[in-house]
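Beneath this line is the structure, given in structure tokens, with notes to follow.
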Amino acid sequence: MSERTVALVTGANKGIGYEIAAGLGALGWRVGVGARDEGRRETAVATLRAAGVDAFGVPLDVTDDASVTAAARLLEEQAGGLDVLVNNAGVTGGMSQQPGGADVATVRAAVEVNVIGVVRVTEATLPLLRRSASPRIVNMSSGVGSLARQSASAGEQQTGPLSVAYAPSKSMLNAVTIQYARALADTNILVNAACPGFTATDLNGFRGVRTPQQGAAVAIRLATLPDDGPTGGFFEDAGVVPW
């Protein structure tokens, strides 16, 4: 990939998304900082630029069709296209998620951002990615989305608290990742899901044991895969995550 590779990272104004943008920018890439909050977005862009990153702001609400369409148009007009899409924006959905006492609105909120938002942004940017020499799509998932780990016996890599919103939304995102990888198998677009591990971010009240920079590493690796790299996979730092 050339030093003018263009990436878009959604939810990039803080946490793991910011560190993904910083890591890709350190490679000499031009990075679009996708975020809906103008103040946080521009602060992130200014901080990245001060660190030498060729960053630019992309107003982006993944739940809004018009916002996503405008973002794709901005990438075309301001950056000339797109090579790498990192779908990082995500929410827990809120509370309560406990089976037997769950709020349906909480489930809907998680799916709207974590799944439908990813589809919305991917569909809008696919025409740009198809023009790239080495396009990549990275969907930020979670180990709690692994059905194998969710259904494991206690102590056998069982993961995450009981949840009918956040965890299932990541399972669906994994399925969406596979569908895009299958659909794009005859193209040069590589599509993979990434698990950042239990990272300390505001998503989990900063209870995680990994830093955002550590959590970003797997996404950066998948964004920079060689042309013969894997597609349709689910990866963490240690290797393949079971579906």
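Every residue, every condition in (1) free of Cβ contacts under 8 Å to residues at least 24 places away in the same chain; (2) closer than 17 Å to C195 by Cβ; (3) touching a Phe, Trp or Tyr at 6+ places or on another chain (Cβ under 7 Å); (4) of a type in the set (F, W, Y), yes or no:
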{"residue": "E112", "(1), (2), (3), (4)": "no, no, no, no"}
{"residue": "I116", "(1), (2), (3), (4)": "no, no, no, no"}
{"residue": "V119", "(1), (2), (3), (4)": "no, no, no, no"}
{"residue": "S141", "(1), (2), (3), (4)": "no, yes, yes, no"}
{"residue": "Q150", "(1), (2), (3), (4)": "yes, yes, no, no"}
- Set T92, T10: member being hydroxyl-bearing (S, T, Y), within 25 Å of L222 (Cβ to Cβ) and at pLDDT 95 or above: T10
- Item | Selection count, the stretch 48-63, where residues are touching a residue at least 24 places away in the same chain (Cβ under 8 Å) and either over 22 Å from V91 (Cα atoms) or not in a strand (DSSP E or B) (or both) | 11
- Check the stretch 2-19 and report whether any residue there is under 18 Å from R73 (Cα atoms), among the β-branched types (V, I, T), touching an Asp or Glu at 6+ places or on another chain (Cβ under 8 Å) and without any contact (Cβ under 8 Å) to a residue 40 or more places away in the chain. no
- Selection count where residues are surrounded by fewer than 24 Cβ atoms within 10 Å (Cβ to Cβ) and either under 25 Å from V91 (Cα atoms) or in contact with a helix residue (DSSP H, G or I) (Cβ under 7 Å, 6 or more places away or on another chain) (or both), scope the stretch 27-41: 7
- Residues located in the stretch 192-237, provided they are of a type in the set (A, V, I, L, M) and at pLDDT below 95: A200, L203, V209
- State whether the residues of the stretch 23-32 include one that is among the aliphatic types (A, V, I, L, M) and farther than 25 Å from D227 by Cα. no
- Residues of the stretch 64-102 being in a loop (DSSP other than H, G, I, E, B), in contact (Cβ under 8 Å) with a residue 60 or more places away in the chain and either among the acidic types (D, E) or closer than 25 Å to L129 by Cα (or both), which ones? G80, G81, L82, D83, N88, A89, G90
- Message: With the requirement that a residue be β-branched (V, I, T) and in contact with a strand residue (DSSP E or B) (Cβ under 9 Å, 6 or more places away or on another chain), what does the stretch 67-109 give you?
- Response: V84, V86
- Message: Here is a list: T92, T47. Which entry is within 22 Å of A193 (Cα to Cα) and surrounded by fewer than 23 Cβ atoms within 10 Å (Cβ to Cβ)?
- Response: T92
- Where V31 falls short, out of the listed (1) touching a residue at least 60 places away in the same chain (Cβ under 8 Å); (2) in a strand (DSSP E or B); (3) touching a Gly at 6+ places or on another chain (Cβ under 8 Å): (1)
- Take the residues of the stretch 1-26 that are out of contact with any strand residue (DSSP E or B) (no Cβ under 8 Å at 6 or more places or on another chain) and closer than 19 Å to L190 by Cα: which is surrounded by the most Cβ atoms within 10 Å (Cβ to Cβ)? M1
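The values are calculated or read from the model by the stated rules, or taken from the named source; none is laboratory data. These figures come from a predicted structure and were not determined experimentally. Counting neighbours? That spans all protein chains shown, and the Cβs are built from the backbone with ideal geometry, glycine included.
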